[in-house]
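The values are calculated or read from the model by the stated rules, or taken from the named source; none is laboratory data. Everything numeric here is computed off the predicted structure, so don't read it as measured data. In this analysis, Cβ positions are derived from the backbone assuming ideal geometry, glycine residues included, and neighbour counts consider all displayed protein chains. Keep in mind that these areas ignore ligands, DNA and RNA; they rest on the heavy atoms of the full protein, side chains included. Shrake-Rupley method; radii C 1.70, N 1.55, O 1.52, S 1.80 Å.
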Amino acid sequence: MKTCPNHPDKKAEYVCYGCGKYYCKLCLTEEGDYYYCNEPACRELLYAAKHKQLLLPSEVICPNCQSNLKLEDDERESGKIHCPECESFIDFTVVPPVVKNRKEYTQLFSSLNQGDIGIVRSILDDGEIDYYVFGENFLSVDPLIQPAKFFILNEQIDEVKGLLKDFDFKIFGASARRDETD
Ligand SMILES: [Zn+2]
Ligand SMILES: [Zn+2]
Ligand SMILES: [Zn+2]
């Protein structure tokens, strides 16, 4: 058993949920089922936990393929992650996280327009739609800007088309945006 990095006379028996480092209990704050250390990023997670906001650590392990996934702010807040390694969707809003079968979801549209992306997210959230959005977040992997791709649970596609019928998509139903003129 290692000793606490801050207290050489104490055992590092507890793990911080945010950074995965071990500390003694004096160094950690307990909230819900987890402990949080005093690192700024981990304090941020503690704050979110206290206020019942979902906020994932900036890196998580894919429960399906064990890849290390770096998350963007949107994913940390939504808890719905796409793993580019094993091509699965993972729902981190439940404990333990659930790996979804990607075949149950269909890409309904994509967009490069941040305004559209935000509006569609809020419409889908309000409609309690089961969806994943990804593409915009992998700029470090791919130097080209990727459109955000929205994948909708198959059973909810008709419902989503109804919810969005009044929204003026330039790209509705298309898998890639070709018309860049506004
Ligand atoms: Zn920590
Ligand atoms: Zn300590
Ligand atoms: Zn994976």
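Protein-only accessible surface at a 1.4 angstrom probe places the residues 105, 17 in the order 17, 105, largest first. Every pair of different Cα atoms in the stretch 53-135 enters the Kirkwood calculation, which places the hydrodynamic radius at 13.4 Å. Only protein atoms count toward the accessible area here, which uses a 1.4 Å probe; on the stretch 11-130, the carbon and sulfur part of that area reaches 47 percent. Per-residue ellipticity at 222 nm, computed for the chain from helices alone with -39500 (n - 2.57) per DSSP H run of at least four residues, works out to -6000 deg cm²/dmol. Taking the chain as a Gaussian network of alpha-carbon nodes connected by springs under 10 Å, the highest mean-square fluctuation of the residues 63, 40, 84 belongs to 40.
Computed over the stretch 59-100, the quotient of the alpha carbon radius of gyration and 2.2 N^0.38 Å is 0.99. The packing ranking, built from the mean of other Cβ atoms within 10 Å per residue, places the peptides 113-120, 66-73, 149-156 in the order 149-156, 113-120, 66-73, highest first. The stretch between residue 67 and residue 125 holds 18.1 nm of extra length on full extension. This uses 0.36 nm per residue minus the Cα-Cα distance.
Calculated accessible area for the chain comes out at 60 Å² per residue, all protein chains present (probe 1.4 Å; ligands, DNA, RNA ignored).
Per-residue SASA remark: residue 34, around 80 Å² accessible (1.4 Å probe; ligands, DNA and RNA not included). In this structure, the pairs whose alpha-carbon distance is over 27 Å, taken from 100/149; 52/103; 80/165; 2/100; 25/50, are 52/103; 2/100.
Placing +1 on each Lys and Arg Cβ and -1 on each Asp and Glu Cβ, with no other charges, gives the stretch 1-53 a dipole about its Cα centre of roughly 80 debye. Both radii come from the Cα set of the chain: Rg as radius of gyration, Rh as Kirkwood radius; their ratio Rg/Rh reads 1.06.
In terms of overall dimensions, the C-alpha atoms belonging to the stretch 1-53 reach 35, 19, 15 Å along their principal axes, ordered largest to smallest. Here the chain is assigned +1 on the Cβ of each Lys and Arg and -1 on the Cβ of each Asp and Glu. Its dipole about the Cα centre then comes out at about 700 debye. Length gained on full extension, residue 15 to residue 2, computed as 0.36 nm times the residue gap minus the Cα-Cα distance: 3.5 nm.
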